Amino acid sequence: MKMSTLFTKTLKDAPQDAESANAKYLIRGGFVDQHMAGVYSYLPLGLRVLRKIQEIVREEMDAIGGQEILMPALLSSEPWKTSGRWDDPDCKEVMFQFKGAGDRDVCLGWTHEEIITPLVQKFVHSYQDLPVFVYQIQDKFRNELRAKSGILRGREFNMKDLYSFHTTEEELEEYYDKVLEAYRRVFTRCGIVALPTEASGGAFSKVSHEFQMPTDSGEDVVYVNQAGDYAWNKEIAPDLKDGAMAPDGSGPVKEMKAIEVGNIFKLKTRFTEPFKMTYMDAEGKPQPVMMGCYGIGPSRVVGSIVEAHHDDRGIIWPKSVAPFQVHIVSLSAKDESVQDRIRTTAEDLYEDLRKEGIDVIWDDRTGVSAGAKFADADLMGMPLRLVISEKTLAETSAEWKIRGEADARLVPLEGLMEEISSFVSEK
């Protein structure tokens, strides 16, 4: 990508209502554009980040047996009436319900338990057809009363929802634990710390698990164990206090604010029962199907990464999800022959990186000051910045600066490709 052809531009100032770090920097950096409260367009840079997160999620879901599908977003009211949620006050509060053609009740998908259950039911008849693990990555719609915090709390957002169907509760428990570990891998690969957090299972089970990322900008309050690898949500542990003994006796807990980036539930028969979904066991007797659901919001992960990785100049993307790993900056020179050498050197490096399959953006803009280019590079937050200038060419080098570090150094042009490849491949 050449910045001279990128149709978006960086902004000097964020909108006045952009209070959170993710809203400020994603909008200023040209990653997203706000259409209205809670609804955003993903621009080229932001879409690249979102797709990289989606691909990490997809790889980990496939690794635990998930099969990807895509369900509709425009939904009939019938399955919701079967489950009893069409008229449930709590559900009606967040559902976009309206009349379609022929005065038919329809809604926009805010979750898909009512859709996936009868769908899988069409193909599951015997114990030999189970277990089944299916997931989708799709936009959801929720009529949030308080759409705020940038893309963290939206009315339209991207979601991965995995659903599992089992013959026994023991089999469900086993898969639930497998998903929990897969979620740990997803968030680690995305460059954030998201703790399994014990939460209420509501009407489904005694407990469920959220995945909470500790951050001062979070809206939730959690109590983190001494080891820093597990937490309890304040809503199910209202009597727990900072410094008190953890519910499992593992030591004192620390109260922290956090952002929820995922959750997993043991639904059991909450949805299979209303749809009369059963299977025939080995003796030919009908048995109830057990069910679980597991959500991750890739768009919320985008915002959470920015909340966790930024400074006062802009975003600091982890390499695994950065829109580009390398940001080449070519500076202007007064001497025309020197300017030609700068451009040729930068262009050759740009083409070599592209041929190697390394994601690279080149700030090839003319008439833009060095200070403005450096400010944009910091704001956009690519992991590695390489500067080609009259000064660096005098040393037959490029200036090498990692976004999260203060110091820059000169690296000889000879051998530069190998050093870049090594940097990009490092975990």
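The values are calculated or read from the model by the stated rules, or taken from the named source; none is laboratory data. Because the structure is predicted, anything quoted here is derived from the model rather than measured. Backbone-built Cβ (ideal geometry, glycine too); neighbour counts: all protein chains shown.
The residues in the stretch 42-75 that are in contact (Cβ under 8 Å) with a residue 12 or more places away in the chain, acidic (Asp, Glu) and in a helix (DSSP H, G or I) can be counted, and the count is 1.
Going by what's in this entry, would Val49 be described as farther than 19 Å from Arg189 by Cα, buried (at least 18 other Cβ atoms within 10 Å of the Cβ) and at pLDDT 95 or above? Judged against the criteria, Val49 is not a match. Note on the stretch 90-207: enclosed strands (runs of 3 or more DSSP E) holding 1 or more residues that are loosely packed, with under 14 Cβ neighbours inside 10 Å and not assigned by TED's automatic domain parsing to the domain that holds Ala231 are 97-100, 104-108. Determine if the stretch 282-302 includes at least one residue that is within 30 Å of Ala23 (Cβ to Cβ), surrounded by 21 or more Cβ atoms within 10 Å (Cβ to Cβ), modelled with pLDDT of 95 or more and hydroxyl-bearing (Ser, Thr, Tyr). Yes, because at least one residue in the stretch 282-302 is within 30 Å of Ala23 (Cβ to Cβ), surrounded by 21 or more Cβ atoms within 10 Å (Cβ to Cβ), modelled with pLDDT of 95 or more and hydroxyl-bearing (Ser, Thr, Tyr). Counting only strands (runs of 3 or more DSSP E) that fall entirely inside the stretch 346-403 and contain at least 2 residues that are farther than 20 Å from Ile315 by Cβ, the qualifying elements are 397-402.
For the stretch 219-250, filtered to residues that are of a type in the set (A, V, I, L, M, F, W, C) and part of a loop (DSSP other than H, G, I, E, B), the residue that is farthest from Tyr294 (Cα to Cα) is Ala244. Checked against (1) of a type outside the set (Lys, Arg); (2) within 30 Å of Pro252 (Cα to Cα); (3) free of Cβ contacts under 8 Å to residues at least 60 places away in the same chain, Thr197 passes all but condition (3). Go through the residues of the stretch 17-27 one by one and say whether even a single one is among the aromatic types (Phe, Trp, Tyr) and surrounded by fewer than 14 Cβ atoms within 10 Å (Cβ to Cβ). No, because not a single residue in the stretch 17-27 is among the aromatic types (Phe, Trp, Tyr) and surrounded by fewer than 14 Cβ atoms within 10 Å (Cβ to Cβ). Here Leu11 passes the criteria (1) free of Cβ contacts under 8 Å to residues at least 24 places away in the same chain; (2) under 16 Å from the mean Cα position of the chain (by Cα) except the one numbered (2). Check off (1) touching a Leu at 6+ places or on another chain (Cβ under 9 Å); (2) modelled with pLDDT of 95 or more for Glu219 and give me the number that stays unchecked. Evaluating Glu219 over (1) touching a Leu at 6+ places or on another chain (Cβ under 9 Å); (2) modelled with pLDDT of 95 or more leaves (2) as the failure.
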